[in-house]
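What follows is one structure encoded as structure tokens, with my remarks underneath.
The values are calculated or read from the model by the stated rules, or taken from the named source; none is laboratory data. Small disclaimer: the values here were computed from a predicted structure and weren't measured. In this analysis, Cβ positions are derived from the backbone assuming ideal geometry, glycine residues included, and neighbour counts consider all displayed protein chains.
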Amino acid sequence: EAGVAQSPRYKIIEKRQSVAFWCNPISGHATLYWYQQILGQGPKLLIQFQNNGVVDDSQLPKDRFSAERLKGVDSTLKIQPAKLEDSAVYLCASSLGDSIYGYTFGSGTRLTVV
Amino acid sequence: QKEVEQDPGPLSVPEGAIVSLNCTYSNSAFQYFMWYRQYSRKGPELLMYTYSSGNKEDGRFTAQVDKSSKYISLFIRDSQPSDSATYLCAMSSMNSGYSTLTFGKGTMLLVSP
């Protein structure tokens, strides 16, 4: 079984620029999550999709972050404009249904904002 | 007070040692408890999960939950250099039927040969 694919692996941008991350979940996984992991901290949920509908985006800074999941498969997370404090690893995960035990994480995109 | 507290370490042990990793939590609604292992520059991978209080064993790993004390532990027996990683505890209350995980900061474990 192929894992969760994320790209790019690394990205360096200047503050106030925009950036987008892409995620391809495991085939058949209906639930997709974006987590933000700041250095030295645990992952924090940004947004959760069930198929192509948003289940939870309460911790997504909506003034600068947006996410979509087209056709219930791939997803993109965008930041515009980026701030220094957005420097983090952005992890995508997927699961069958809403099983909390079935999370599979991708390797993440490491974003550095300078 | 953070919902989940975890000592970031690093915790350095010699090969073969017994390792104890711990988390405390404040939200009594948490019912599901997990331990994830995260190698450098990789995503977290699920190691163990428990639902109720008590112990669960899987090979060299034992997960322990004490809901009355709001305290969970992961024990690693006969630790190996390949166990060197960051260990994250995670918890969920399954609000509204959807699974949101709350993670601790992670404890970095270093096992020396």
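When the stretch B:1-34 is filtered for residues that are over 15 Å from the mean Cα position of the chain (by Cα) and not in a strand (DSSP E or B), the ones remaining, listed by number, are B:GLN1, B:LYS2, B:GLU15, B:GLY16, B:ALA17, B:SER26, B:ASN27, B:SER28, B:ALA29.
Residues are listed down the side, and each one gets a yes or a no for (1) within 17 Å of A:TYR33 (Cβ to Cβ); (2) more than 10 Å from chain A (Cβ to nearest Cβ); (3) assigned to a strand (DSSP E or B):
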site: B:ALA63; (1), (2), (3): no, yes, yes
site: B:SER68; (1), (2), (3): no, yes, no
site: B:MET91; (1), (2), (3): yes, no, yes
site: B:THR100; (1), (2), (3): yes, no, no
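Can you name every residue in the stretch A:8-54 that is under 30 Å from B:ASP7 (Cβ atoms) and free of Cβ contacts under 8 Å to residues at least 12 places away in the same chain? Scanning the stretch A:8-54 gives A:GLY40, A:GLN41, A:GLY42.
Considering the stretch A:15-38, the residues that are in contact with a strand residue (DSSP E or B) (Cβ under 7 Å, 6 or more places away or on another chain) and assigned to a loop (DSSP other than H, G, I, E, B) include one that is farthest from A:VAL73 (Cα to Cα), namely A:LYS15. Can you tell me which residue within the stretch A:9-33, out of those that are surrounded by fewer than 18 Cβ atoms within 10 Å (Cβ to Cβ) and at pLDDT below 95, is nearest to A:ASN52 (Cα to Cα)? That would be A:ALA30. For the stretch B:35-57, the candidate set comprises residues that are under 14 Å from the mean Cα position of the chain (by Cα) and away from chain A (no Cβ under 13 Å); within that set, the residue that is modelled with the lowest pLDDT is B:ASN55. The sole residue among A:THR104, A:THR76 that is away from every other protein chain (no Cβ under 14 Å) and of a type in the set (Val, Ile, Thr) is A:THR76. Of the residues in the stretch A:92-100, at least one is surrounded by fewer than 16 Cβ atoms within 10 Å (Cβ to Cβ), within 10 Å of chain B (Cβ to nearest Cβ) and in a loop (DSSP other than H, G, I, E, B).
Among (1) more than 10 Å from chain B (Cβ to nearest Cβ); (2) assigned to a loop (DSSP other than H, G, I, E, B), there is one condition A:GLN59 misses while meeting the rest; what is its number? Of (1) more than 10 Å from chain B (Cβ to nearest Cβ); (2) assigned to a loop (DSSP other than H, G, I, E, B), only one is false for A:GLN59: (1). In the stretch A:34-49, the residue that is nearest to the other protein chains (Cβ to nearest Cβ) out of those that are under 14 Å from A:THR109 (Cα atoms) and buried (at least 20 other Cβ atoms within 10 Å of the Cβ) is A:PRO43.
Quick check on the stretch A:14-33. Is at least one of its residues under 22 Å from B:PHE103 (Cα atoms) and touching a Pro at 6+ places or on another chain (Cβ under 7 Å)? Looking through the stretch A:14-33, at least one residue is under 22 Å from B:PHE103 (Cα atoms) and touching a Pro at 6+ places or on another chain (Cβ under 7 Å). Taking the criterion of being within 12 Å of chain A (Cβ to nearest Cβ), surrounded by 12 or more Cβ atoms within 10 Å (Cβ to Cβ) and under 24 Å from A:VAL4 (Cβ atoms), would at least one residue in the stretch B:17-30 satisfy it? No: zero hits. In the set (1) touching a helix residue (DSSP H, G or I) at 6+ places or on another chain (Cβ under 9 Å); (2) more than 14 Å from chain A (Cβ to nearest Cβ); (3) within 29 Å of A:GLY106 (Cβ to Cβ); (4) among the small types (Gly, Ala, Ser), the condition left unmet by B:SER79 is number (1).
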